[in-house]
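Inspection log for the structure reproduced underneath, given as structure tokens.
Values in this text are rule-based calculations from the coordinates and carry no lab data. Quick caveat, the model's predicted, so the values are computed rather than measured. Here the Cβ is made from the backbone with ideal geometry for all residues, glycine too, and neighbour counts use every protein chain on show.
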């Protein structure tokens, strides 16, 4: 996966770590970030976004905000759909909260009736300015990027619907245990995997492992395992011609019925329907691959200027 046009900005002394880029939208990439917030802005076309257990159909200029720990994905519903993405670490709020806390912001996804509301216009403005400045060089590039990001943070924090939630166990030993558990699940998701297997692997008792997992990840082990299996199933639906039953079994589901139920619970339609909606000419064939676009691309550059001309 090429990293060109994928920009990483850091101010470690102030706990600021962020990524920004424009990219093509293809088939679903169902994933999560344990400590990053994500903002997606549709620059062109139409796209379906899954966030948690809700699905949104977004059009050009729509904005969707995702808190850390929430599984999400995007799916192009129109050829040549493109989006701007901004991800930033929850560490930016470290000085405002206890070590085990973070903010959850409940910012609704925009639609035709709200996309021109001030909060979305400001988010588009600062996200565009940030991407543009991140792609440039010069004496004031760093200052411009920092200023744009801090104003974007101020815009997000001004939203009234937010709460402080427990984010993770600050004990480093516990965090290392959880990382081992996640790696183990990634390696064995296709097998008949139980909480007892995780307990045996870590040499801790079952109750401790269950509690540690729930408190750290935010969902229980079985729910997490289902999400991992679905992320692999979505990829196989797009890039293979395997039968539904074979995909279900290959990804660790006991049978097709359970696979269908779990898929519909999250995405609100059946795996067969998802496969039928895919455009064969618009599929990413490598897992976790993304196609980044230069901010100097005429369409992207024009869109960024449009957003920055608002104020």
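A few notes on this one:
- Relative contact order (%) - the chain, alpha-carbon pairs under 8 angstrom, separation at least six: 22 percent
- Sorting 258-267, 95-104 by average packing, meaning the other beta carbons within 10 Å per residue, from highest down gives 258-267, 95-104.
- MRE, 222 nm, helices only [DSSP H, n ≥ 4, -39500 (n - 2.57), over the chain, to nearest 500]: -13000 deg cm²/dmol
- The Rg/Rh ratio for segment 24-135 is 0.97, where Rg is the radius of gyration of the alpha carbons and Rh is the Kirkwood radius.
- Taking 89, 137, 167 as the candidate residues, the one with maximal mean-square fluctuation in a Gaussian network model of the chain, Cα springs under 10 Å, is 137.
- Segment 52-191 - convex hull of the alpha-carbon atoms, volume per residue in Å³: 181 Å³
- Crossing angle, helix 221-239 versus the chain [Cα axis fit, 0-90 degrees, rounded to tens]: 70 degrees
- Taking other Cβ atoms within 10 Å as a rough exposure proxy, 292, 208, 37 sort from fewest to most as 208, 292, 37.
- Computed from Cα positions, the angle between helix 172-188 and the longest principal axis of the chain comes to roughly 70 degrees.
- Of the residues 63, 291, the one with the fewest other Cβ atoms within 10 Å heads the list, and the complete ranking is 291, 63.
- Computed from Cα positions, the angle between helix 206-217 and the longest principal axis of the chain comes to roughly 10 degrees.
- Derived from the Cα gyration tensor, the three semi-axes of the equivalent ellipsoid of the chain are 33, 26, 17 Å, largest first.
- Neighbour-count order for 139, 81, 243, fewest beta carbons within 10 angstrom listed first: 139, 243, 81
- Computed over segment 172-268, the percent of Cα pairs more than 23 Å apart is 29.
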